[in-house]
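Working notes, structure below.
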Amino acid sequence: MPHGTNTVTPRLLLVRFASAEGRMRGARRRFVSGHPIQGLERWQAPGNSGSMSAPHPPSVRVRPVDGHDMPDLLRVDREAFPDDPMPYSVLRQFVDMFPEHLLVAEDGDGRLCAYLLATPPNRGQSWIFSLGVAPGMRRHGLARELMRVSLENLRAEGAATVLLWVEPNNKPATALYEFFGFVSDPHGPRRDHFGPGADRIGMTLRLRPPATS
């Protein structure tokens, strides 16, 4: 998979994906503007598709984050990643730096229930950084809708390639990304990529240019 250098994005990038029956599968470190963040990935037993299925899709609206969303955004992140939420200061930086690329989903009552953070295209390349869905709103297709909107936006901005990292046993996340056309690195997991025992698989999506009228 490609290895471009994005000078405005965090040095270590991978997706945090919360699934309905998650448990910790190893920790990794990443740094944002010099601040270390503890991060981890969740694993879900095969057969439970997490946020992929949508038997009764709720009425939701996807939109860019707003500064006033910080309390609710913190709540969703802490609910999605109770063992390892982002520090307020770090999440605040993401809101300030990437407001058009941090998408939130709110239900019919205006309550935030999910978010997705991507990075702006840099030399045609973007990353999916974090994806979280509140436990009570999983299995309604929210992760899929956030991915759809984010990828459409990135394509319109000129992104040709979207990349992410995923923990090898995170089947629900892998299934979601494959649904959108992400392809796993044919060389398989990179051993200890984020430290001892923290293997990761790189996934890449080649975006087609937007259609011209």
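The values are calculated or read from the model by the stated rules, or taken from the named source; none is laboratory data. All of these numbers come straight from a predicted model, not from anything done at the bench. A quick note on method: Cβ atoms are made from the backbone with ideal geometry, for glycine too, and the neighbour counts reach across all protein chains shown. Calculation scope for accessible area: heavy atoms of the full protein, side chains included, ligands and nucleic acids excluded. Shrake-Rupley method; radii C 1.70, N 1.55, O 1.52, S 1.80 Å.
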Conditions (1) closer than 18 Å to residue 137 by Cα; (2) small (Gly, Ala, Ser); (3) at pLDDT 95 or above: number failed by residue 50: (3)
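Working only within the stretch 166-199, note down all residues that are outside any loop (DSSP other than H, G, I, E, B) and within 15 Å of the chain's Cα centre (by Cα).
Taking the stretch 166-199 and keeping what is outside any loop (DSSP other than H, G, I, E, B), we get 166, 171-179, 183-184, 190.
166, 171, 172, 173, 174, 175, 176, 177, 178, 179, listed by residue number.
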Residue list for the stretch 93-128, filter: of a type in the set (Asp, Glu) and in a loop (DSSP other than H, G, I, E, B): 100, 109
Residue satisfying condition, being open to solvent by 50 Å² or more (accessible area, probe 1.4 Å), at pLDDT 95 or above and not aromatic (Phe, Trp, Tyr), within set 59, 89: 89
Which listed residue is open to solvent by 50 Å² or more (accessible area, probe 1.4 Å) and of a type in the set (Val, Ile, Thr), from 183, 166, 162, 133: 183
Residue 102 vs. criteria within 13 Å of the chain's Cα centre (by Cα), within 24 Å of residue 205 (Cβ to Cβ), modelled with pLDDT of 95 or more and of a type outside the set (Val, Ile, Thr): yes
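Just wondering, is there one or more residues in the stretch 152-165 that are part of a strand (DSSP E or B), more than 13 Å from the chain's Cα centre (by Cα) and in contact (Cβ under 8 Å) with a residue 40 or more places away in the chain? Spell out the reasoning first.
First pass over the stretch 152-165, keeping only residues part of a strand (DSSP E or B): 161-165.
After this cut, where a residue has to be more than 13 Å from the chain's Cα centre (by Cα) as well, the list is 161.
Adding the requirement that they be in contact (Cβ under 8 Å) with a residue 40 or more places away in the chain leaves 161.
There is at least one residue in the stretch 152-165 that is part of a strand (DSSP E or B), more than 13 Å from the chain's Cα centre (by Cα) and in contact (Cβ under 8 Å) with a residue 40 or more places away in the chain.
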Residue 140, sole failed condition from (1) free of Cβ contacts under 8 Å to residues at least 40 places away in the same chain; (2) crowded, with 22+ Cβ neighbours inside 10 Å; (3) assigned to a loop (DSSP other than H, G, I, E, B): (1)
